[in-house]
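The values are calculated or read from the model by the stated rules, or taken from the named source; none is laboratory data. The structure presented is a predicted model; accordingly, all values stated were derived computationally and were not measured. Using ideal geometry, Cβ is built from the backbone for each residue, glycine included, and neighbour counts are taken over all protein chains shown. Areas reflect the complete protein model, heavy atoms only, side chains present, ligands, DNA and RNA absent. Shrake-Rupley method; radii C 1.70, N 1.55, O 1.52, S 1.80 Å.
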Amino acid sequence: MDVTEAAAGRIEPTRRETARALGSAMIGNWFELFDFIIYGYFAAQIGHAMFPEADPVTIILSSFATYGVGFIMRPVGGVVLGHFGDLHGRKSALVFTMLLMAGATGATGLIPSYATIGIAAPILLVVCRLLQGFAAGGEWGGATTFLVEYAPAHRRGFYGALQQLSTSVAILSALGTSLLLNALLTEQQMIDWGWRIPFLLGFLVAPVGFYLRRSVRETPRYRAASEDRSASPIREVIAHHRGAVANVFGVAIIWCVAGYTFGAFLISYATELLHIERGTVLLAITAGTLVNLAVIPLAGHLSDRFGRKPFLVASAAGFLLFVFPLFHAMATYQAPWTIYATAIAAGILSGLYSGCAPTFLCELLPTRVRYSALSVGYNGAVMLFGGFAPFIATLLIQQTGALAAPAFYVMSAAALTLIFLLRLKAPDQATALDR
């Protein structure tokens, strides 16, 4: 295979290698994230099927609590699979995450309802979510590292943005699936069996992703660093890179909270509490996701020219300033246009962040522990701030009686991230990945 040694000692990939790497990482990431996030788009129906009957808010709380437990395992998966990926290669770890996610997702679709097996139903649901969380913990850091390490220096931001582009495509796929099923089936059919269909699709798509990931080469930077690999990546991260991990954690806070608040939570919020027709809500979120898809690659491209930090600061500041007016409008008017406005605004602000953050975080870390440190920092933020965002947002409403209360959680997350960003010196984009 044609490879050349660059002046810096890196093994440069051919165009064909790069194209296959991009395809395998993006398609694999799309599949895994679709499997993981689909729960949020069917949370209300899953809650009715898997938990005892109660008032709507309690059912949503129960369902989102189960949704959140998957995030408890994400740091564990990040530690184990990140360590493995730094020690034995990004490719092998990503193949394993694919198989585990497919199995856990398909099994979720086969769990009998609470009416059939009682308390065993939510217990089995929790087990499947834990396995999904473990797999997702290794997927995000691995796919991000894989793409950025394949990128030429002058296009690194754009390549990193493609990872998040595949994530947004996964969200759009989940939305499309939800729209289609809700259009074809009655509400009772959705509760009885319709929600199971997207989970069972995991069994069908997995072989394609597995083949793509098995057929691609390891990243050129990882191959070039064969003489400089850590004997114990996680131990090295804890001993020497705690500050970098803390920075990854802090930068990811608003990213996680906004993603899960305006994604998974907004659907149940608008349908169950604002009483807006579900199809209308899904269309609004689809519009926001399409805007997000357009902004992500543009932000990544511009970050290669103007730097990544300015876009990250602008996005976090935007959430801090605009999230309360958006929630206040939804709570006050309870009209479809407010859902559209919120979804589109969130799509723009999240797109600015998602287009720059993956590469920015990779550039904070050395190659020998990049997968481990990135996975630990990011998944820690996901677990503490993102995964339980729908649960916390719902709990705030229950405890305060104010439908706009979730805004304060998002604003707090934005303020925390801004503190990290403003004190953090941006790495030199030209040389950051040469460490």
Scan 70, 118, 133 and give me the residue that is open to solvent by less than 40 Å² (accessible area, probe 1.4 Å) and either touching a His at 6+ places or on another chain (Cβ under 7 Å) or modelled with pLDDT of 85 or more (or both).
-> 133
Find all pairs meeting these conditions: Cβ atoms under 7 angstrom apart; at least six residues apart or on different chains; first residue within region 212-226 and free of Cβ contacts under 8 Å to residues at least 24 places away in the same chain and under 11 Å from residue 12 (Cβ atoms); second residue open to solvent by less than 40 Å² (accessible area, probe 1.4 Å) and assigned to a loop (DSSP other than H, G, I, E, B).
-> none
Checked 287, 246, 252 against criteria (more than 16 Å from the chain's Cα centre (by Cα), of a type in the set (Gly, Ala, Ser) and farther than 17 Å from residue 341 by Cα); the one match is 246
Requiring at least 3 residues that are β-branched (Val, Ile, Thr) and free of Cβ contacts under 8 Å to residues at least 12 places away in the same chain, the helices (runs of 4 or more DSSP H) wholly within region 90-170 are none
Please list, ordered by first then second residue, the pairs with beta carbon atoms under 6 Å, 6 or more apart or interchain, first in region 29-40 and open to solvent by 10 Å² or more (accessible area, probe 1.4 Å), second of a type outside the set (A, V, I, L, M, F, W, C).
-> 30/166; 33/167; 34/173
Of the conditions (1) within 20 Å of the chain's Cα centre (by Cα); (2) closer than 30 Å to residue 306 by Cα, residue 387 clears all except one; give me its number.
-> (2)
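Yes or no, residue by residue, for (1) among the small types (Gly, Ala, Ser); (2) more than 21 Å from residue 169 (Cα to Cα):
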residue	(1), (2)
297	no, no
313	no, yes
320	no, yes
329	yes, yes
334	no, yes
341	yes, no
347	yes, no
378	no, no
The one condition residue 196 fails out of (1) at pLDDT 90 or above; (2) open to solvent by 40 Å² or more (accessible area, probe 1.4 Å) is (2)
Do we find that residue 349 is touching a residue at least 40 places away in the same chain (Cβ under 8 Å), open to solvent by 20 Å² or more (accessible area, probe 1.4 Å) and touching a helix residue (DSSP H, G or I) at 6+ places or on another chain (Cβ under 9 Å) in this structure?
-> yes
Residue hits (region 188-200; without any contact (Cβ under 8 Å) to a residue 60 or more places away in the chain and hydrophobic (A, V, I, L, M, F, W, C)) are 193
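Look at residue 9 and say whether it is open to solvent by 30 Å² or more (accessible area, probe 1.4 Å) and modelled with pLDDT under 75. Spell out the reasoning first.
Details: open to solvent by 30 Å² or more (accessible area, probe 1.4 Å): yes; modelled with pLDDT under 75: yes.
Yes.
So, restricting to helices (runs of 4 or more DSSP H) that lie completely within region 207-269, which ones have at least 2 residues that are surrounded by fewer than 16 Cβ atoms within 10 Å (Cβ to Cβ)?
Fully inside region 207-269 and qualifying: 233-240, 242-260.
Hey, among 321, 312, 326, 290, which residue is modelled with pLDDT of 95 or more and either open to solvent by 40 Å² or more (accessible area, probe 1.4 Å) or of a type in the set (Ser, Thr, Tyr) (or both)?
321
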May I ask you to say which residue of 426, 413 is touching a helix residue (DSSP H, G or I) at 6+ places or on another chain (Cβ under 7 Å) and surrounded by 18 or more Cβ atoms within 10 Å (Cβ to Cβ)?
-> 413
Among the residues of region 16-55, count how many are in a loop (DSSP other than H, G, I, E, B) and at pLDDT 80 or above.
-> 1
Region 304-331: number of residues that are within 18 Å of residue 405 (Cα to Cα) and either in contact with a Ser or Thr (Cβ under 7 Å, 6 or more places away or on another chain) or without any contact (Cβ under 8 Å) to a residue 12 or more places away in the chain (or both) | 5
Residue among 344, 419, 392 that alone is out of contact with any helix residue (DSSP H, G or I) (no Cβ under 7 Å at 6 or more places or on another chain), in a helix (DSSP H, G or I) and of a type in the set (A, V, I, L, M) = 419
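Every residue in region 99-110 that is over 17 Å from residue 62 (Cα atoms) and open to solvent by less than 10 Å² (accessible area, probe 1.4 Å), please.
Answer for region 99-110, where residues must be over 17 Å from residue 62 (Cα atoms) and open to solvent by less than 10 Å² (accessible area, probe 1.4 Å): 101, 102, 104, 105, 106, 109.
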